[in-house]
1. Return the pairs, sorted by first residue and then second, in which the second residue is aliphatic (A, V, I, L, M) and surrounded by 24 or more Cβ atoms within 10 Å (Cβ to Cβ), the first residue lies in the stretch 84-109 and is free of Cβ contacts under 8 Å to residues at least 40 places away in the same chain and assigned to a helix (DSSP H, G or I), the beta carbons are less than 7 Å apart, and the residues are 6+ apart or on different chains.
2. Could you please find all residues in the stretch 279-307 being buried (at least 20 other Cβ atoms within 10 Å of the Cβ) and of a type in the set (A, V, I, L, M)?
3. So Cys175 fits all but one of (1) of a type in the set (A, V, I, L, M, F, W, C); (2) surrounded by 19 or more Cβ atoms within 10 Å (Cβ to Cβ); (3) over 20 Å from the mean Cα position of the chain (by Cα); (4) more than 18 Å from Leu83 (Cβ to Cβ); what number is the exception?
4. Tell me, which helices (runs of 4 or more DSSP H) lie completely within the stretch 1-80 with 3 or more residues that are at pLDDT below 90 and either over 22 Å from Arg270 (Cα atoms) or of a type outside the set (Ser, Thr, Tyr) (or both)?
5. In this structure, is Leu287 closer than 19 Å to Glu28 by Cα and either in contact (Cβ under 8 Å) with a residue 12 or more places away in the chain or more than 11 Å from the ligand (Cβ to nearest atom) (or both)?
6. If you go through the stretch 185-198, how many residues are among the aliphatic types (A, V, I, L, M) and within 6 Å of the ligand (Cβ to nearest atom)?
7. Being of a type in the set (A, V, I, L, M, F, W, C) and either out of contact with any Phe, Trp or Tyr (no Cβ under 7 Å at 6 or more places or on another chain) or in a loop (DSSP other than H, G, I, E, B) (or both) is the filter here; which residues of the stretch 189-204 pass it?
8. Working carefully through the options Ala159, Ala149, Ala127, find the one that is within 23 Å of the chain's Cα centre (by Cα) and without any contact (Cβ under 8 Å) to a residue 12 or more places away in the chain.
Amino acid sequence: MNRPANVDVLLQPRPPSPLQEIRDDRFERYGVRLLLKRDDLIHTNVPWDTDLLGPVDLYPPGNKWRKLAPNLRAAVAGGYPELVTFGGAYSNHLRATAAAGRLLRLGTVGIVRGDELAGRPLNDSLARCAADGMRLHFVTRSAYRDKAALPALAGAEGAYVIPEGGSNALALHGCAELGRELAGVCDVAAVACGTGGTLAGLAAGLGAGQRALGVPVVGGGFLGAEIRSLQAAAFGGPAGDWSLAEGYAHGGYARVPAELALFAADFESRHGLPVERIYVAKLLWALLALTREGAFPRGTTLAAVVTGRP
Ligand SMILES: *Cc1c(COP(=O)(O)O)cnc(C)c1O
């Protein structure tokens, strides 16, 4: 495989993502300071991106980059010819993996949940994956459950396997860096949770006296156990002080009721920040609701991780 000499440049440690203080009287009224940790800008705050990579849109944004980077390093070091991973039809993780594969000239195979999608025009997200060179393989929902069997089914035996959502032990180490970037600057670091991998790593990287708060975007209450097992795999046991704020899933994954959409649009116009609806809007909503309930003592500094862009 003909790899560019810039692999090392691409995977070298990156500068911290920007931290932005915002003034919002709805929080200030309760003596709560709100900082935004702009992981959505990871792809644009690095001067070499455009020189090296052409259009920045190629770059996998947000927390997906933090999770992927250590896995990409391992795949390159191990001499794997390609990456294989899994996701739904709108998966940011599939897009990030496809983009990363293109940048590193590694082949990518995306196993997509739902064989009813095969033979239909690709949606924008999957079209982007395909444009980045990802080979898409559609499987039935029942086949999708048996992840271990899927790479062979897709003709990708021998590929470096990245789990659904990108959360594995290496990914948690990548996300611990997010915690270290926040060490000493906030009391509570809050993040929206899908698989919980970002929260699990973030918590491990925070300093003494800081805690991590996760807002699940899917109900069901299974996430705590998932996070404990991810931390055991990555760190050999529990790491950091973390908890989950349940009850802010707004009906489930990718559900965006009108009141949430209104809240997000209002936040955008107050602060000039694009608010991603599936994760970030639910996080900000939860933080405001908890602030109003008095969950944070006066003088608390919150850092909300903006994990992606719309
Ligand atoms: C994937 C994703 C998350 C959730 O990350 P997990 O590590 O799976 O919990 C949060 N925000 C955005 C924008 C994402 O794309």
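The values are calculated or read from the model by the stated rules, or taken from the named source; none is laboratory data. All values reported here derive from a predicted model rather than from experimental measurement. For neighbour counting, all protein chains shown are included, and Cβ atoms are generated from backbone atoms with ideal geometry for every residue, glycine included.
1. What qualifies is Ala98/Met134; Gly101/Leu83; Gly101/Met134.
2. The answer is Val280, Ala281, Leu283, Leu284, Ala286, Leu287, Leu290, Leu302, Ala303, Ala304, Val305, Val306.
3. (3)
4. On the way: elements: 7-11, 25-28, 48-53, 62-77.
Answer list for the stretch 1-80: 7-11, 48-53, 62-77.
5. Numbers: closer than 19 Å to Glu28 by Cα: yes; either in contact (Cβ under 8 Å) with a residue 12 or more places away in the chain or more than 11 Å from the ligand (Cβ to nearest atom) (or both): yes.
It is true that Leu287 is closer than 19 Å to Glu28 by Cα and either in contact (Cβ under 8 Å) with a residue 12 or more places away in the chain or more than 11 Å from the ligand (Cβ to nearest atom) (or both).
6. The first filter runs over the stretch 185-198 and keeps only residues among the aliphatic types (A, V, I, L, M), leaving 185, 188-192.
From what is left, the residues that are within 6 Å of the ligand (Cβ to nearest atom) are 192.
Of the residues in that region, 1 qualify.
7. First, pick out the residues of the stretch 189-204 that are of a type in the set (A, V, I, L, M, F, W, C): 189-193, 199-200, 202-204.
Passing the criteria: Ala189, Ala190, Val191, Cys193, Ala200, Leu202.
8. On the way: Ala159 fails: without any contact (Cβ under 8 Å) to a residue 12 or more places away in the chain; Ala149 fails: within 23 Å of the chain's Cα centre (by Cα).
The match here is Ala127.
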